[in-house]
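The structure under discussion appears below in the form of structure tokens.
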Amino acid sequence: MKIDVFTLFPAWFDWFLSQRHVRNALGAGNQLRLFNYRDSTPLGGGQVDDSPYGGGAGMVLRVDAVDAAIRAAYADGLEPSRLLVLSASGRQLDDGLARDLASEPHVALLSGRYEGIDERVRDHLATDAVSIGPYVLSGGELASMVVTDAIIRKLPGALGHADSAIEESFSEALEGAPEYPHYTRPASYRGWSVPDVLLSGDHARVREWRLEQSRKRARAAGTPTDA
Ligand SMILES: C[S@@+](CC[C@H](N)C(=O)[O-])C[C@H]1O[C@@H](n2cnc3c(N)ncnc32)[C@H](O)[C@@H]1O
């Protein structure tokens, strides 16, 4: 799979790219490329933004600068199957969307800055607008990393234990519910004991207990499940 991130701050991704699961995913043949809007802007002096029509605070990323970055990146005709613009007002990311994106051959993410991106990008260039939650970040870089991370851990070869991504929160194996609680040694700490069933060695009972805990968490969180 190919993931492209458009940003004004590619250096933000240095740390992300150095993480083991990301390196694993890249080593397994996936690609993560970064494009700086400034490298292809048709405007003088590396300009990419302008003041908003109608007035107001801040600057807006220009549609011509974003379009130029997209055209330059895909001059070879190899366009992404999904082109996401990151926006607090977009569709909220969830496991279903992450799964859907992970099944695409090529996804591109447009990170905004300042007051955001000219709306014509969302209307005419992007296929989706995606939010990572109902709060406002300073820029789309962290949001792009969150979306990329949620995708990458679903790609074969990214995780040390492939099974980790099969049975985890919101997966089909858990009927779409949050994951059950985990415990490790010591079995008792400051009087806080691990549930007996987990020490029983009875795999069927453990499985049943875990599913029930997942369902309980779904009910507590009001999360819809497939059960
Ligand atoms: C300072 S924010 C712009 C906030 C915008 N004026 C608003 O009120 O929604 C700059 C950029 O950060 C990104 N961003 C901020 N919050 C986000 C969120 N919750 N999810 C996804 N992207 C977000 C978007 O790319 C946005 O264009």
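The values are calculated or read from the model by the stated rules, or taken from the named source; none is laboratory data. This one's a predicted model, so the numbers in the text were calculated from it and none came from an experiment. Cβ sites come from the backbone with ideal geometry, for glycine too, and all protein chains shown count toward neighbours. Accessible surface is based on the protein model in full, side chains and every heavy atom, while ligands, DNA and RNA are left aside. Shrake-Rupley method; radii C 1.70, N 1.55, O 1.52, S 1.80 Å.
Those residues that are surrounded by 15 or more Cβ atoms within 10 Å (Cβ to Cβ) and either among the acidic types (D, E) or touching a strand residue (DSSP E or B) at 6+ places or on another chain (Cβ under 6 Å) (or both), I need them from the stretch 163-174; list them, please. E168, the sole residue that qualifies. Comparison of V136, V107 shows that the only residue that is within 14 Å of the ligand (Cβ to nearest atom), of a type in the set (V, I, T) and touching a residue at least 40 places away in the same chain (Cβ under 8 Å) is V136. Of all the numbered requirements in (1) part of a strand (DSSP E or B); (2) near the ligand (Cβ under 6 Å from one of its atoms), V130 misses one, and that requirement is (2).
Residue under question is L199, and the condition is that it be hydrophobic (A, V, I, L, M, F, W, C) and surrounded by 15 or more Cβ atoms within 10 Å (Cβ to Cβ); does it hold? No: the conditions fail for L199. Evaluate the following for R82: is it farther than 23 Å from P224 by Cα and within 11 Å of the ligand (Cβ to nearest atom)? So R82 does not fit the description; no. Could you list, in sequence order, the residues of the stretch 1-27 that are under 22 Å from S103 (Cα atoms) and open to solvent by 60 Å² or more (accessible area, probe 1.4 Å)? Scanning the stretch 1-27 gives R20, R23, G27. Take the conditions within 16 Å of the ligand (Cβ to nearest atom) and either open to solvent by 20 Å² or more (accessible area, probe 1.4 Å) or among the acidic types (D, E) (or both) and apply them to E119. Does it pass? Yes: the conditions hold for E119. Looking at A177, A187, A158, A143, just one residue is open to solvent by 20 Å² or more (accessible area, probe 1.4 Å) and hydrophobic (A, V, I, L, M, F, W, C), and that residue is A187.
Among strands (runs of 3 or more DSSP E) entirely within the stretch 16-120, having at least 3 residues that are under 24 Å from the mean Cα position of the chain (by Cα) and more than 24 Å from F170 (Cα to Cα) singles out 31-36. Look at A204 and say whether it is under 15 Å from the mean Cα position of the chain (by Cα) and either of a type in the set (G, A, S) or assigned to a loop (DSSP other than H, G, I, E, B) (or both). In short, no.
A73 - would you say it is more than 14 Å from the ligand (Cβ to nearest atom), open to solvent by less than 30 Å² (accessible area, probe 1.4 Å) and either without any contact (Cβ under 8 Å) to a residue 40 or more places away in the chain or touching a His at 6+ places or on another chain (Cβ under 6 Å) (or both)? No. Every test in (1) farther than 29 Å from L155 by Cβ; (2) in contact with a Ser or Thr (Cβ under 6 Å, 6 or more places away or on another chain) is passed by Q92 save one, and that test is (1). Note on the stretch 47-62: among residues that are in contact with a helix residue (DSSP H, G or I) (Cβ under 8 Å, 6 or more places away or on another chain) and within 13 Å of the ligand (Cβ to nearest atom), the one that is most open to solvent (accessible area, probe 1.4 Å) is D49.
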